[in-house]
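These notes concern the structure reproduced below.
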Amino acid sequence: MFDWRGNSSYLYQALDEKLCNSIFNSLETHESRIDPLQGLRGGGKVEAQSEAEFEERYEKYFFGDFVPRSVAFFLDLVMTYMAVGSLATAAMMKIFGLPEAVAAAKVIPFCFGAYLVFAWLFECSKLQATPGKYIMGYRVTSQKFERIGYLRGLWRTVSFAFTSAFGLIAWIINFFLVGKLLHDRLSRTYVINMRKTHEEHLRRLRKA
């Protein structure tokens with residue numbers, strides 16, 4: 001539709017040659033089999049066409065660092081409390097007549113449980129990250145750098161809850177595990193810094 005090949009001479013003048021080669025090779029490899037004008041012929045019914053999910057592949061991946069991942073976890077907890085905890089606190093104050101501080105303290109375990117459910121669903125979704133991880137540019141993958149299924153995601157969530165029970169000891173151990181934390185190893189998953197990975201990939205293309 002956009003006639004990229006027809007405008008190849010202009011693209012080679014405007015962009016780097018190696019980058020253009022990469023683009024045109026990608027077009028050859030992943031050329032769509034669906035005619036974009038198929039639904040306009042004869043006034044027939046246009047049916048949705050499902051396309052296979054495309055997994056990004058890179059030569060080199062970077063793991064998420066412990067400190068930014070801790071920040072992402074804190075952001076997720078804050079967002080979980082704003083979405084769920086504040087309503088639960090207000091409900092407990094109204095139903096049981098508790099002071100706000102007492103109600104808020106009782107809601108904390110409930111918020112952590114809600115976070116575990118949200119983390120499981122978000123990390124197994126197409127987003128492949130909780131909101132906090134997404135903000136930090138991170139993505140959860142299998143050891144083949146692919147999207148994880150819901151069973152593996154559930155085991156990852158259970159592993160995180162199990163290691164969290166050890167409190168400060170688990171945090172100290174994780175600090176020295178260079179990006180592959182205890183629950184990552186138990187669930188055989190990775191947390192990849194996709195922002196850094198993608199930037200490094202582009203830098204290599206420009207230098208090639």
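The values are calculated or read from the model by the stated rules, or taken from the named source; none is laboratory data. These figures come from a predicted structure and were not determined experimentally. Here the Cβ positions follow ideal geometry from the backbone for every residue, glycine too, while neighbour counts run over all protein chains shown. Just so you know, the surface numbers come from the protein's heavy atoms only, side chains and all, with ligands and any DNA or RNA stripped out. Shrake-Rupley method; radii C 1.70, N 1.55, O 1.52, S 1.80 Å.
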Could you list all residues from segment 127-185 that are in a loop (DSSP other than H, G, I, E, B), over 21 Å from PHE62 (Cβ atoms) and out of contact with any Cys (no Cβ under 9 Å at 6 or more places or on another chain)? ALA165, PHE166, GLY167
Inside segment 71-111, the number of residues satisfying the requirement of being in contact (Cβ under 8 Å) with a residue 40 or more places away in the chain and open to solvent by 60 Å² or more (accessible area, probe 1.4 Å) is 3
Options PHE118, PHE122: the member that is assigned to a helix (DSSP H, G or I), touching a residue at least 40 places away in the same chain (Cβ under 8 Å), under 18 Å from VAL71 (Cβ atoms) and not basic (Lys, Arg): PHE118
Would you be able to tell me the number of residues in segment 149-182 that are under 19 Å from TYR134 (Cα atoms) and crowded, with 19+ Cβ neighbours inside 10 Å? 5
Every residue in segment 121-139 that is surrounded by fewer than 18 Cβ atoms within 10 Å (Cβ to Cβ) and either within 17 Å of LEU154 (Cα to Cα) or touching a His at 6+ places or on another chain (Cβ under 7 Å) (or both), please. LEU121, SER125, LYS126, LEU127
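Quick grid of which residues meet (1) at pLDDT 95 or above; (2) over 23 Å from VAL191 (Cα atoms); (3) under 25 Å from the mean Cα position of the chain (by Cα); (4) outside any helix (DSSP H, G or I):
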{"residue": "ARG69", "(1), (2), (3), (4)": "yes, no, yes, no"}
{"residue": "PHE73", "(1), (2), (3), (4)": "yes, no, yes, no"}
{"residue": "ASP76", "(1), (2), (3), (4)": "yes, no, yes, no"}
{"residue": "VAL84", "(1), (2), (3), (4)": "no, yes, yes, no"}
{"residue": "LEU87", "(1), (2), (3), (4)": "no, yes, no, no"}
{"residue": "MET92", "(1), (2), (3), (4)": "no, yes, no, no"}
{"residue": "ALA101", "(1), (2), (3), (4)": "no, yes, no, no"}
{"residue": "ALA105", "(1), (2), (3), (4)": "no, yes, no, no"}
{"residue": "PHE110", "(1), (2), (3), (4)": "no, yes, yes, no"}
Scan segment 191-202 and give yes if some residue there is touching a residue at least 60 places away in the same chain (Cβ under 8 Å), assigned to a loop (DSSP other than H, G, I, E, B), closer than 30 Å to CYS20 by Cα and open to solvent by 60 Å² or more (accessible area, probe 1.4 Å), otherwise no. no
Residue count for segment 143-171, restricted to those that are in contact with a strand residue (DSSP E or B) (Cβ under 6 Å, 6 or more places away or on another chain) and not charged (D, E, K, R): 1
